[in-house]
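Below is one structure; the comments refer to it alone.
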Amino acid sequence: MSERKKELEIYIHIPFCVKKCKYCDFLSGPGDEDTKAQYIEALCCEIQEKSNRYRQYEVTSIFFGGGTPTAVEAKMLCRVLAVVKERFDVKTDAEITIEMNPGTVKKEALILYKKAGVNRVSLGLQSIHNEELQRLGRIHTYEQFLETYEQVRAVGFENVNIDLMSALPGQDMESYKKSLERVTQLIPPPEHISAYSLIIEEGTPFYEKYEQGKLDLPVEEVEREMYHLTKVYLKEQGYERYEISNYAKPDRECVHNIGYWQRKNYVGFGIGAASLIENERFSNGEDLQEYLENPCDCEINHQCLSVEEQMEEYMFLGLRMCQGVSIKGFYQSFGSTLNQVYGQVMEKHIKNGLLEQKEGWIRLTEAGMDVSNYVMADFLEPDI
Ligand code: SF4
């Protein structure tokens, strides 16, 4: 009998965007057509060359992220996907996602993606209010989003995520609520919603404005209210919260992201892409020119994680998910019980109502989710 292959996830980074949003610190920016074509060549080369290392794995998910993957021509993305399928053992039911922004995708492109095997679409909407979108520096309007959404459905995509943001400049409870309402009232409604609070990142135009006191952000209390509204409202609409910021209809959780939180093996291709393979973390360098010249030799920061580091990751990534971490899974991974390693921390947070133990799992309570960073920080130092 042949041995079962290990699971692997693949992330492909496309660093191009039409224009940089004012809050964004991702590795992304505008690129000319020639650079995009060279980048795709380099990506295909990297994937082909490195695939030999991953013969003993089968691929359970592929995720095109960015940047805006759809800022490059559809046929180019499809070529990359074809190379992955040719060189890797991709499961027939693998989840294959492309992130796209309204205003960068046409029906013909969607048809090509569908034919190529893409089965999940993630749309960056952020807000249904054009003035909020404009303030963020987004390139699209709500009307353009609606057009894209309709086309995505018309082409037959049945698994769609929409990204929304709260705590935006000039946003109030009423406008945020409207965004939530309109998105959940789409026909058909999206299967998945990612709802994040805006974070002001250093080095962005928003950061500068914030430092000068010129960014009209909602006060902390309102931000908390938005966070609570998201939980309550989406639940009423049939979305199960399965991670701090992610909500899904039954069985529509994002397989790829769950893999990250469960520390499954994943390999990233393209500039800046990170990988975790058998407890070794590494990533590609971020310099575009260097990557174009030498895409197969750009890995940096190789780090073999110690057992303590693996345990820490197991806890702080696993606790992001509402199901929490499996007590049995921890023992199977490390040969020590959770109690032996984190007994004191767990006792403290169970006592103060931020953690709970149920049916073989340890998870954050509702109150614990609200202060998740505080609880998770405590797991960064094992008791042993
Ligand atoms: S579209 Fe996304 S990746 Fe591109 S600049 Fe805007 S936020 Fe950043």
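The values are calculated or read from the model by the stated rules, or taken from the named source; none is laboratory data. What you see is a predicted model, and the numbers here were worked out from it, not measured in a lab. Heads up, the Cβs are rebuilt from the backbone with ideal geometry, glycines too, and the neighbour counts pull from every protein chain shown.
Here are a few things to note about the model shown:
- Check on residue 176, within 24 Å of residue 29 (Cα to Cα) and either away from the ligand (no atom under 16 Å from the Cβ) or surrounded by fewer than 20 Cβ atoms within 10 Å (Cβ to Cβ) (or both): no
- Among the residues here, residue 51 does not qualify as modelled with pLDDT under 95, more than 16 Å from the ligand (Cβ to nearest atom) and either within 19 Å of the chain's Cα centre (by Cα) or of a type in the set (Gly, Ala, Ser) (or both).
- Applying the condition of being closer than 14 Å to residue 321 by Cα and of a type in the set (Asp, Glu) to segment 341-383 and asking which residue is surrounded by the fewest Cβ atoms within 10 Å (Cβ to Cβ) yields 366.
- Being of a type in the set (D, E, K, R), within 16 Å of the ligand (Cβ to nearest atom) and buried (at least 22 other Cβ atoms within 10 Å of the Cβ) is a property that residue 120 lacks.
- Scope segment 273-286; condition of a type outside the set (Val, Ile, Thr) and either modelled with pLDDT under 95 or surrounded by fewer than 20 Cβ atoms within 10 Å (Cβ to Cβ) (or both); matching residues: 274, 278, 279, 280, 281, 282, 283, 285, 286
- Per-region count, segment 281-318, residues in contact with a Leu (Cβ under 9 Å, 6 or more places away or on another chain), closer than 22 Å to residue 364 by Cβ and not aliphatic (A, V, I, L, M): 3
- Index of the failed condition, residue 132 passing every other in (1) surrounded by fewer than 20 Cβ atoms within 10 Å (Cβ to Cβ); (2) within 16 Å of the ligand (Cβ to nearest atom); (3) acidic (Asp, Glu): (1)
- Search result, residues across segment 218-240 that are in a helix (DSSP H, G or I) and surrounded by 15 or more Cβ atoms within 10 Å (Cβ to Cβ): 222, 223, 225, 226, 227, 229, 230, 231, 233, 234
- Just one of the listed residues (59, 83, 72, 90) is among the β-branched types (Val, Ile, Thr) and within 16 Å of the ligand (Cβ to nearest atom), and it is 72.
- All helices (runs of 4 or more DSSP H) inside segment 285-384 with 3 or more residues being within 20 Å of residue 241 (Cβ to Cβ): 307-318, 366-370, 372-377
- Matching residues in segment 10-44 - criterion: being aliphatic (A, V, I, L, M) and within 11 Å of the ligand (Cβ to nearest atom): 14, 18, 27
- From 289, 262, 310, residue being closer than 24 Å to residue 88 by Cβ, of a type outside the set (Phe, Trp, Tyr) and at pLDDT 95 or above: 262
- Inter-residue pairs, beta-carbon under 6 Å, first in contact (Cβ under 8 Å) with a residue 24 or more places away in the chain and among the hydrophobic types (A, V, I, L, M, F, W, C) and in segment 13-32, second near the ligand (Cβ under 6 Å from one of its atoms) and outside any loop (DSSP other than H, G, I, E, B), 6+ apart: 14/66
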